[in-house]
Amino acid sequence: MKREERRRWEFPPDFAHGEVMLGEAYDVLGARWLEQAIFVSRFQDELLGEIVTAGRFDDYFLTVEQWVEGDEEPLESWWTSRARGRSRSVGLSTGGEGEPLAELVIEVHPARLRELEQGVLGVTREGASADESRFSRRRRAHIDLLSLIALTTRLSDRAAAA
């Protein structure tokens with residue numbers, strides 16, 4: 001039960017999301033850029049309502065936190081406290097309505113995101129759609145954020161090499 005309610009995770013630089021280690025983001029994007037950024041994804045769930053997941057890097061470690069509709073703290077104050085001190089925000093939009101919390105928005109259809117996860121990252125979400133638990137629903141949004149960071153890293157690295 002405690003594991004199900006936890007909504008803050010910390011990842012070391014050697015954590016792999018598919019074929020991408022989180023520490024690679026420092027090599028590709030640089031510490032200065034990365035530690036001034038906050039990554040965000042929003043997900044509208046038919047059972048839980050809105051889920052917002054935010055990630056910040058500090059000294060090679062990624063901290064991911066999640067807000068779920070109905071939390072005591074309003075979204076605006078939750079977001080403001082997490083984005084404080086960050087000069088840029090990068091968002092993932094899979095719903096087609098943009099991401100108002102982010103300055104730079106990457107819009108992609110959910111099916112295309114799965115294609116990119118498999119083709120670029122080597123990530124396969126097995127059984128994710130079959131499991132309808134609260135934890136699984138929140139985990140989907142958490143994985144979206146990790147994919148946003150890993151795709152930003154991998155595709156930026158490819159663009160730099162081209």
**Prompt:** Considering only residues of the stretch 101-119 that are in a loop (DSSP other than H, G, I, E, B) and open to solvent by less than 70 Å² (accessible area, probe 1.4 Å), which is modelled with the lowest pLDDT?
**Reply:** 101
**Request:** Please work out if residue 19 is in contact with an Asp or Glu (Cβ under 8 Å, 6 or more places away or on another chain) and touching a residue at least 60 places away in the same chain (Cβ under 8 Å).
**Result:** no
**Message:** Looking at the stretch 54-87 only, could you name the residues that are under 20 Å from residue 13 (Cα atoms) and of a type in the set (Val, Ile, Thr)?
**Reply:** 63, 64
**Among the residues listed as 87, 136, the single one being among the polar types (S, T, N, Q) and at pLDDT below 90** = 136
**Item:** In the stretch 43-100, residue surrounded by the most Cβ atoms within 10 Å (Cβ to Cβ) [restricted to those that are aromatic (Phe, Trp, Tyr) and outside any strand (DSSP E or B)]
**Value:** 79
**Prompt:** With (1) outside any strand (DSSP E or B); (2) surrounded by fewer than 15 Cβ atoms within 10 Å (Cβ to Cβ); (3) not charged (D, E, K, R) as the list, and residue 28 as the residue in question, which single condition is left unmet?
**Reply:** (2)
**Message:** residue 124 - would you say it is out of contact with any helix residue (DSSP H, G or I) (no Cβ under 7 Å at 6 or more places or on another chain), open to solvent by 20 Å² or more (accessible area, probe 1.4 Å) and modelled with pLDDT of 70 or more?
**Reply:** no
**Prompt:** Does residue 24 count as of a type in the set (Asp, Glu) and in contact with a helix residue (DSSP H, G or I) (Cβ under 6 Å, 6 or more places away or on another chain)?
**Reply:** yes
**Item:** Any chance residue 64 is touching a Gly at 6+ places or on another chain (Cβ under 6 Å) and closer than 18 Å to residue 17 by Cα
**Value:** yes
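The values are calculated or read from the model by the stated rules, or taken from the named source; none is laboratory data. None of the values given here were measured: they were computed from a predicted structure. Please note: Cβ atoms are built from the backbone with ideal geometry, for glycine as well, and neighbour counts cover all protein chains shown. Ligands, DNA and RNA are stripped out before the accessible areas are found, and what is left, the full protein with its side chains, is counted by its heavy atoms. Shrake-Rupley method; radii C 1.70, N 1.55, O 1.52, S 1.80 Å.
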